[in-house]
Amino acid sequence: MEAPAAQGPAEPAPAVEITVTSPEQMRELGRRLAKLLRAGDLVMLSGELGAGKTTLTRGLGEGLGVRGAVTSPTFVIARVHPSLGDGPPLVHVDAYRLSGGLDEMEDLDLDVSLPDSVIVVEWGEGKVEELTEDRLRVRIDRAVGDTTDEVRHVTVTGLGERWATADVSVLAG
Ligand SMILES: Nc1ncnc2c1ncn2[C@@H]1O[C@H](COP(=O)(O)OP(=O)(O)OP(=O)(O)O)[C@@H](O)[C@H]1O
Ligand SMILES: [Mg+2]
């Protein structure tokens, strides 16, 4: 770890970096992540096609104990997975086909669902930031030179008041 640079209040909290070596470990990471989340949380997943965003979300859904398997929707942009218990529902958004712009986003009513839900967005950069300042950013990178194509580096950064004091280092396991 390098020493943290001097930070103003708007700077993100130090990130935690986790290396996973299989899809199953990515799901497990999602299950651990679920324990940190509560209604009102927005998680933004970034990483190239096939990086493992949906795989992580699948584990997250398992950890939250929601109904229905998390999949990559072909036409549906946002899918609500209600809780099987008394926890918050998971709203899984794949914004890949959204051109951006608030009007398209507004149709999804994410601002209405957010207070009572955990919202996870793939491909949401530049599209959903206006929902809240408090965002958990999860970046997934393929490991360079990995011939198995199963190794991923995951960087988790909390933005805003909500995450300023939360201990995301527990994700490192
Ligand atoms: N360590 C890993 N973590 C996650 N997925 C992995 C890993 N290693 C291999 N994979 C494979 O990579 C693929 C990831 O697919 P997934 O749908 O989760 O990606 P995605 O980031 O959601 O892609 P898209 O941008 O198309 O939505 C799966 O086929 C999965 O089995
Ligand atoms: Mg996906």
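Values quoted throughout were computed directly from the atomic coordinates according to the rules given, and no laboratory measurement underlies them. None of these values were measured; they are calculated from a predicted model. Every residue, glycine as well, gets a Cβ built from its backbone with ideal geometry; the counts of neighbours run over all protein chains shown.
Across the chain, the relative contact order, built from alpha-carbon pairs under 8 Å that are at least six residues apart, equals 32 percent. For His81, nonlocal amide neighbours, meaning residues 5 or more places apart or on other chains whose placed amide H falls under 5 Å from its own, are Leu90, Val91, His92.
The protection proxy used here, the mean number of other Cβ atoms lying within 10 Å of each residue, ranks peptides 78-89, 34-45 as follows, highest first: 34-45, 78-89. When Rg and the Kirkwood Rh are both derived from Cα coordinates, the Rg/Rh ratio for the chain amounts to 0.95. Label positions at Ala164 and Val80, each projected 7 Å from the Cα along the C-beta direction, are separated by 3.2 nm. Based on DSSP, what percent of beta bridges with both residues in the range 17-162 are antiparallel, to the nearest 5? Counting only bridges with both partners in the range 17-162, antiparallel ones make up about 55 percent. Convex hull volume per residue, computed on the Cα atoms of the range 98-173, equals 131 Å³.
What does the highest-first list of 131-142, 66-77, 49-60, 108-119 look like by mean Cβ count within 10 Å? Mind dumping the intermediate values first?
Working: 131-142: 19.3, 66-77: 13.4, 49-60: 21.4, 108-119: 17.7.
Top of the packing list down: 49-60, 131-142, 108-119, 66-77.
Couplings 3J(HN,Hα) of the range 134-146, computed from phi: 8, 9, 9, 9, 10, 10, 10, 10, 5, 6, 5, x, 8 Hz, in residue order, whole Hz [Karplus 6.51 cos²θ - 1.76 cosθ + 1.60, θ = phi - 60°; x for Gly and Pro].
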